[in-house]
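Engineer: Following this message is one structure expressed as structure tokens.
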């Protein structure tokens, strides 16, 4: 009897997994907590008409019929069905591993707590500007399983990999791998920093023979015991020139180009694939980093506004603050992820004059910081902006760098960042009209 595969999670990448398994003439049972609602989705209806079985993830599984379980990104190995499969010695892999097994492309993998999307997009952009075929995939844009349905073997794949995805990768699929940094995040999923760091460092085991592993100095210092063949991302790459070397951190932000370490990582990746110095700099000059990452918004009455809505953890806020000379009024808040905000106190000294806390996390932020920093507590982002402007003096930077996820008041961090920019741009337009 032909056995079937289980796919846990029927989002976009989960559906691509089903398609890949169908292409191999495999029967598939999909389990999703929202199975009832998914029944009316046109794309799911098409899969059902082709033989997909769909049930909730509470279904009692007949394990005698199953030989493989595929988990979608975000589904942990501790999910009850995945855990049962592991106990029964049934293979459990992730969506990324399923796709990699069907691909032979040259591939660069990038992970890190912060900055990986920018580096992936920068590498891909420079490779294309140098006349090569390249595609950014993984935890950004198109899922790897979707790409694997119709791959181009001549393309270089630049893949953003989260710790969740790295947990279940087994294939040696990477020609080069990068860990940009490892700082506290997702501690609602992991038992502690060691477990989280170990998941990130698993990227090293994905290297092909002869592949190169590059990590930041911080990663090597803090978690080098999990690594065996890593090199340090140099302070000065071979393409580093005096123009870039003398740019101040704030100038990087105003130019919209990535920060130094991100440029250095991209240089190492591109050099491996034959990009020369002229091609590299031509690509860098035409690249602009993604929105919502310490993005300059505008200036009013000597006050500057910056949108860093992508900052959803403690360390990313500290990194952003570190790029400014001060004074700063910080807008922080959203959905509390369970950590203390007290690490901010020392790093904010001499820079952050005021914190305006909003959203669900506001009370926790206020409690953690109130004895050491001035903290205003409000409900909404609009109120936070208004409070910040009322208290800002000349040459103050108002920085939205929330340190929390966005799902209390917004659809995602992009929605939050766009709303912040709308509030600022509306204010700037009104003031311009008055003058």
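Engineer: Relative to the longest principal axis of the C-alpha atoms of the chain, give the angle of the C-alpha long axis of helix 381-391, reported between 0 and 90° and rounded to the nearest 10°.
Structural biologist: 20
Engineer: Mind listing P(r) for the stretch 269-354? All alpha-carbon pairs, 10 Å bins, whole percents.
Structural biologist: P(r) for the stretch 269-354, in whole percents per bin: 13, 37, 25, 18, 7.
Engineer: What distance in nm separates the simple spin-label points at residue 412 and residue 340, each placed 7 Å from Cα in the Cβ direction?
Structural biologist: About 3.4 nm separates the two model spin labels.
Engineer: Turning to a different aspect of this structure: What value, in deg cm²/dmol to 500, does the helix sum -39500 (n - 2.57) over DSSP H runs of n ≥ 4 give at 222 nm once divided by the residues of the chain?
Structural biologist: Mean residue ellipticity at 222 nm (helix-derived): -10500 deg cm²/dmol.
Engineer: By how many degrees, between 0 and 90 and to the nearest 10, does the Cα long axis of helix 12-23 differ from the longest principal axis of the chain?
Structural biologist: 20
Engineer: Determine the gain in length on full extension of the stretch residue 383-residue 149; use 0.36 nm per residue of separation and subtract their C-alpha separation, reporting nm with one decimal.
Structural biologist: 79.6 nm
Engineer: Name the shape class, rounded, prolate or oblate, that the alpha-carbon gyration tensor gives for the stretch 334-435, where a ≥ b ≥ c are the square roots of its eigenvalues, rounded holds for a/c under 1.5, and otherwise prolate holds if a/b is larger than b/c and oblate otherwise. Working shown, then result.
Structural biologist: Working: a/c = 2.29, a/b = 1.31, b/c = 1.74.
Judged from the Cα gyration tensor, the stretch 334-435 comes out oblate (a/c at least 1.5, b/c at or above a/b).
Engineer: Per the Kirkwood treatment, what hydrodynamic radius in Å, one decimal, follows for the stretch 26-172 from the mean inverse distance over all distinct Cα pairs?
Structural biologist: It works out to 16.9 Å.
Engineer: Still on this model: Test of understanding: in a Gaussian network model of the chain with alpha carbons linked when under 10 Å, which of 408, 62, 234 would top the mean-square fluctuation ranking?
Structural biologist: 62
Engineer: Here's a follow-up. With each pseudo-label sitting 7 Å past Cα toward Cβ, what's the residue 225-residue 25 distance in nm, one decimal?
Structural biologist: Simple spin-label model gives 5.1 nm for this pair.
Engineer: Considering every Cα-Cα pair within the chain, what fraction, in whole percent, is farther apart than 33 Å?
Structural biologist: Within the chain, distances greater than 33 Å cover 41 percent of Cα pairs.
Engineer: Once you place label points 7 Å from the Cα toward the Cβ at residue 172 and residue 83, how far apart are they in nm?
Structural biologist: Computed distance between label sites residue 172 and residue 83 equals 3.4 nm.
Engineer: Can you work out the FRET efficiency for the pair residue 65 and residue 128, with r the C-beta to C-beta distance and R0 = 45 Å, to the nearest 0.05?
Structural biologist: For residue 65 and residue 128, the calculated efficiency is 0.50.
Engineer: Would you order 67, 308 from fewest to most other beta-carbon atoms within 10 Å of each residue's own beta-carbon?
Structural biologist: 67, 308
Engineer: Given the alpha-carbon gyration tensor of the stretch 103-285, what are the semi-axes of its equivalent ellipsoid in whole angstrom, ordered largest first, with each equal to the square root of 5 times an eigenvalue?
Structural biologist: Gyration-tensor ellipsoid for the stretch 103-285: 24, 21, 15 Å.
Engineer: Rounded to the nearest whole Å³, what is the per residue volume of the convex hull around the Cα atoms of the stretch 77-135?
Structural biologist: Working: hull volume 6.2 nm³, N = 59.
About 104 Å³ per residue, rounded to a whole number.
Engineer: Mind checking the angle between helix 260-272 and the chain's longest principal axis? C-alpha axes, 0 to 90 degrees, to the nearest 10.
Structural biologist: Once rounded, the angle reads 40 degrees.
Engineer: Output the Cα-based Rg and Dmax of the stretch 4-95 in Å, rounding Rg to one decimal and Dmax to a whole number.
Structural biologist: According to the Cα coordinates of the stretch 4-95, Rg and Dmax are 11.9, 35 Å.
Engineer: Now for a different question. Which of 137, 180, 21 moves most in a GNM of the chain, Cα contacts under 10 Å?
Structural biologist: 21
Engineer: Report, to two decimal places, the Cα Rg of the stretch 269-417 normalised by 2.2 N^0.38 Å (N = number of residues). Display every interim value, and only then the final one.
Structural biologist: On the way: Rg = 16.9 Å, N = 149, 2.2 N^0.38 = 14.7 Å.
Output field value: 1.15.
The numbers here are math on the coordinates, done by the rules we state, and not lab data. Every value quoted in this text rests on a predicted model; they were computed, and no experiment measured them. Quick reminder, even Gly has a Cβ in these numbers, built from the backbone with ideal geometry, and neighbours come from all protein chains shown.
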